[in-house]
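Nothing in this text is a laboratory measurement; each read-out follows from the coordinates by a stated rule. In this text the structure is predicted, and so the values were computed from the model without any measurement. Quick reminder, even Gly has a Cβ in these numbers, built from the backbone with ideal geometry, and neighbours come from all protein chains shown.
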Amino acid sequence: MAAALLRHFLAGQEEPLRSLQVVSAGIAARDNSPPSDYAVAAMKKVGIDLTGDLSRTLTQELLDGSLAVFCMTEAHRAMIQLQYERVPRHLYLFRQFLPPPVDPEVDDPYGGTLGIYEACRDNLVEAVPSVVRFLRTITPAAPPPPVSP
């Protein structure tokens, strides 16, 4: 849900943010699993279709190619730091850029009710603008357009 929300928001930004590729991967995810019905329903309520999304496992290659990595919990961040040889310089919690007091962690709604998925979605929606503001500070500038004679 976080990746879909971030992709949706970035699509409305100017370059180079609009061209950032947002990839979702999980530490314990199985490859090619569809999102839960509740995740699809919760996101559909805000106009985002998850039906074609599939899960993927986090890999060193994905980490190496990332400008930034956003985790949902401190435990996820710690697992990345312990399990992978090279850790991205920009490794954060998705909600850590919100002003205090705020819980920077996002609980996994897996196995919960639709209401739990909606609450999770809302926690993510609240954080997206602060994540985009941060990305603006670390994203290399887009090259200038070519000059026509």
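So here's what we get for this one:
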quantity: Equivalent ellipsoid, the chain (semi-axes from 5 times Cα gyration tensor eigenvalues, Å); calculated: 25, 20, 16
quantity: Axial C-alpha extent at least 30 Å, average Kyte-Doolittle at least -0.5 - helices from the chain (DSSP); calculated: 114-138
quantity: Residue-averaged [θ]222 nm for the chain, counting only DSSP H segments that reach four residues, each worth -39500 (n - 2.57); calculated: -11500 deg cm²/dmol
quantity: 3J(HN,Hα) from dihedral phi, the range 22-33, Karplus parametrisation 6.51/-1.76/1.60, rounded to Hz, x for glycine, proline; calculated: 9, 10, 9, 8, x, 5, 10, 6, 8, 5, 6, 8
quantity: Exposure rule at most 15 other beta-carbon atoms within 10 Å, DSSP loop trypsin sites (Lys or Arg not before Pro): the chain longest free segment; calculated: 90-149
quantity: Relative contact order (percent, whole number), the range 2-137, Cα cutoff 8 Å, 6+ residue spacing; calculated: 24 percent
quantity: Inter-label distance, nm, simple model (7 Å from Cα along the C-beta direction), GLU126/ASP64; calculated: 3.8 nm
quantity: Qualifying GluC sites (Glu not before Pro) in the range 83-119, DSSP loop, other Cβ atoms within 10 Å at most 11; calculated: GLU85
quantity: LYS44 paired with LEU82, simple spin-label distance in nm, labels 7 Å along Cα-to-beta-carbon; calculated: 3.9 nm
quantity: Calculated FRET efficiency for the pair GLN13/ASP108, C-beta based, R₀ 25 Å, to 0.05; calculated: 0.35
quantity: Distant-in-sequence amide H partners of VAL69 (H built 1.01 Å from N, under 5 Å); calculated: HIS90, LEU91, TYR92
